[in-house]
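**Student:** This is the structure I have questions about; it appears just below.
Values quoted throughout were computed directly from the atomic coordinates according to the rules given, and no laboratory measurement underlies them. Note that the coordinates shown come from a computational prediction; the quantities given were computed from them, not determined experimentally. Here the Cβ positions follow ideal geometry from the backbone for every residue, glycine too, while neighbour counts run over all protein chains shown.
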Amino acid sequence: MLRKNRLFTPGPTPLLPSAQTAMASYGAHHRTADFRALFTRVLTDLKEFIGTQNDVLVLTASGTGFMEASVSNLTSPGDKVLVLTAGKFGERWVSVAKAFGCDVKTVTAPYGETLSMDDVRKHLTPEIRCVYLQATESSTGVRHDVEAVAKLVRALPDPLLVVDAITGLGTTHFDVDGWGVDVIIGGSQKALMIPPGLAYGAISERAWQRMETTKSPRYYFDLRKERKAAAKAETAYTPATAMFAGLAAALDYVRQMGDGNLAAGRKALVENAELCAAMTRAGVQALGLKLFAAQSPAAALTAVAAPLAADSTTICKRFRDQFGAVVANGQAEMKGQLFRIAHIGYYDYLDTIGVLAALEHVIAEVTGKAVEFGCAVRAAQEAVVRSSEFGVRKGGGS
């Protein structure tokens, strides 16, 4: 059997062909008019992609680099911060904040569940300087209610709200400015369909003002330096120039999804992820498998609890060995307990049908139980009909 390498992971995600071509052919120096024009276009388009009027910066780093910058630039040692955590990436906020000497308070939820707004309200006291959370906790497949958290944060005068939306942007609708999100972070290897290496974020004026008084050390991730350089259409340090070319191509692709309107394209990209997620959840449940995050499932990925007859490591290995497909295992102590199928970025209806058909084979093999082949695919197709996608009527006509 011919096996194509296929990524079904929540990052890196499948690469956009036009972005690959753009990256392969780009060679301009970063202190030239050509790169400055590209850089300016990318920043302008990212504002529209995020949906904000706030300043946007792009760092040559993984998303964790912008997470660190959002701590080092906005806090001083000893500041009280509140981390809302329900998975491995929420725990990363805790580690970063402690590394910069913050007094970290937490609101937690069990893995696979979302946060209680009552718990957030109880812990959100006036002395909290920053609140950090994930839009999507990609270690568990949970989507958190950013709007509800923002409403609580904005009821107090001082706290800044920082949202890791690295897997949320392009899979979830946000009203960044309307909700009052002070920093929202994205990453190149997610919905924007290029390799890891660029982190981007929108920063509110409140956050810029905070940076003038904070005392934590910073150098490469000094956002004020990047803002000053960006005003001259430059970066403070050497950027990943070819990746900017790929990012520009990806943003053009999203614009084409909206018939020339980037905001409409962003909406279409989110709706595509939502549809593929609904299809995947329907297919998984048709196979008798349990969703790991049934309470508040994300659109970026679906986390599935491993069946009793097999652990998720075996399932991931069978996907790779038999089909050349990579699905994500659980992280750290969740390894073996769950597997994660992504539907973010350059990922469509046929990809979803294909991975569910493969899942039917894998589950039959690893559990040794009879599987009704086609049941997951049929459930996914029925989910599409229910969504009215493609204009299909329930009676079967078009």
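**Student:** Note down the nm distance, to one decimal, between modelled labels 7 Å out along Cα→Cβ at Asp118 and at Asp222.
**Tutor:** Output for this residue pair reads 4.8 nm.
**Student:** Over the Cα atoms of the stretch 78-183, each weighted equally, I'd like the Debye log10 I(q)/I(0) at q = 0.12, 0.16, 0.21 Å⁻¹, rounded to two decimals.
**Tutor:** -0.34, -0.63, -1.12
**Student:** Can you bin the stretch 310-372 into rounded, prolate or oblate? Criterion: square roots of the alpha carbon gyration tensor eigenvalues sorted a ≥ b ≥ c, rounded for a/c under 1.5, prolate for a/b above b/c, oblate for the rest.
**Tutor:** On the way: a/c = 2.01, a/b = 1.11, b/c = 1.81.
It is oblate, given that a/c is not under 1.5 and a/b is not larger than b/c.
**Student:** Multiplying the sequence separation of Ala294 and Ser387 by 0.36 nm and subtracting their Cα-Cα distance, what value in nm do you get?
**Tutor:** 31.6 nm
**Student:** Taking the alpha-carbon distance from Lys80 and a cut-off under 19 Å, which lysines remain once sequence neighbours fewer than 8 residues away in the same chain are dropped?
**Tutor:** Lys98, Lys105, Lys122, Lys215
**Student:** Taking the Cβ of each residue in Leu289, Leu46, Leu359 as the centre, tally the other Cβ atoms inside 10 Å and list the residues starting with the fewest.
**Tutor:** Listed from fewest to most nearby Cβ atoms, that is Leu289, Leu46, Leu359.
**Student:** For the stretch 197-292, rounded, prolate or oblate, judged on the Cα gyration tensor with a ≥ b ≥ c (square roots of eigenvalues), a/c < 1.5 rounded, else prolate if a/b > b/c?
**Tutor:** prolate
**Student:** Continuing with the same structure: Filter the trypsin sites (Lys or Arg not before Pro) in the stretch 164-224 down to the DSSP loop ones having no more than 16 other Cβ atoms within 10 Å, then list what survives.
**Tutor:** When the trypsin sites (Lys or Arg not before Pro) of the stretch 164-224 are filtered for loop state and at most 16 Cβ neighbours within 10 Å, Lys215 remain.
**Student:** Follow-up. Using the Cα centre as the reference, give the magnitude of the dipole from point charges on the C-beta atoms of the stretch 198-277 (Lys, Arg: +1; Asp, Glu: -1; all else neutral), rounded to the nearest 20 debye.
**Tutor:** 500 debye
**Student:** Suppose every K and R has +1 on its Cβ and every D and E has -1 on its Cβ; what is the size of the dipole of the chain about the Cα centre, in Debye to the nearest 20? Working shown, then result.
**Tutor:** Working: 43 positive and 39 negative charges, 86 e Å.
Rounded to the nearest 20 debye, it is 420 debye.
**Student:** Which ³J(HN,Hα) values, rounded to whole Hz and listed in residue order, are derived for the stretch 19-30 from phi using the Karplus coefficients 6.51, -1.76 and 1.60 in 6.51 cos²θ - 1.76 cosθ + 1.60 with θ = phi - 60°, glycine and proline given as x?
**Tutor:** Per residue, the Karplus-derived 3J(HN,Hα) values read 6, 4, 4, 4, 5, 5, 9, 8, x, 6, 6, 7 Hz.
**Student:** Would you mind getting me the FRET efficiency between Met1 and Ala233? Use the beta-carbon distance for r and R0 = 41 Å, nearest 0.05.
**Tutor:** 0.25
**Student:** In nanometres, what is the gap between the two model label sites at Asp177 and Ser76, each 7 Å from Cα along Cα-to-Cβ?
**Tutor:** 3.1 nm
**Student:** Another question, then. Among Ala240, Met193, Gly180, whose Cα projects farthest towards the positive end of the dipole of the stretch 17-257, with charges put on the beta-carbon of Lys, Arg (+1) and Asp, Glu (-1)?
**Tutor:** It is Ala240, whose Cα lies furthest towards the positive end.
**Student:** Using every pair of alpha-carbon atoms in the chain, split the distances into 20 Å bins beginning at 0 and state the percent of pairs per bin, rounded to integers.
**Tutor:** 28, 56, 16, 0
**Student:** Give me the mean projected area, in nm² to one decimal, of the convex hull enclosing the Cα positions of the stretch 24-87.
**Tutor:** If you wrap the Cα atoms of the stretch 24-87 in a convex hull and average its projections, you get 7.4 nm².
**Student:** Further, regarding this structure: What number, rounded to the nearest 500 deg cm²/dmol, is the helix-based mean residue ellipticity at 222 nm of the chain, given -39500 (n - 2.57) per DSSP H run of at least four residues and division by all its residues?
**Tutor:** Numbers: 14 runs with 170 residues, N = 398.
When only DSSP H runs of four or more count, the value is -13500 deg cm²/dmol.
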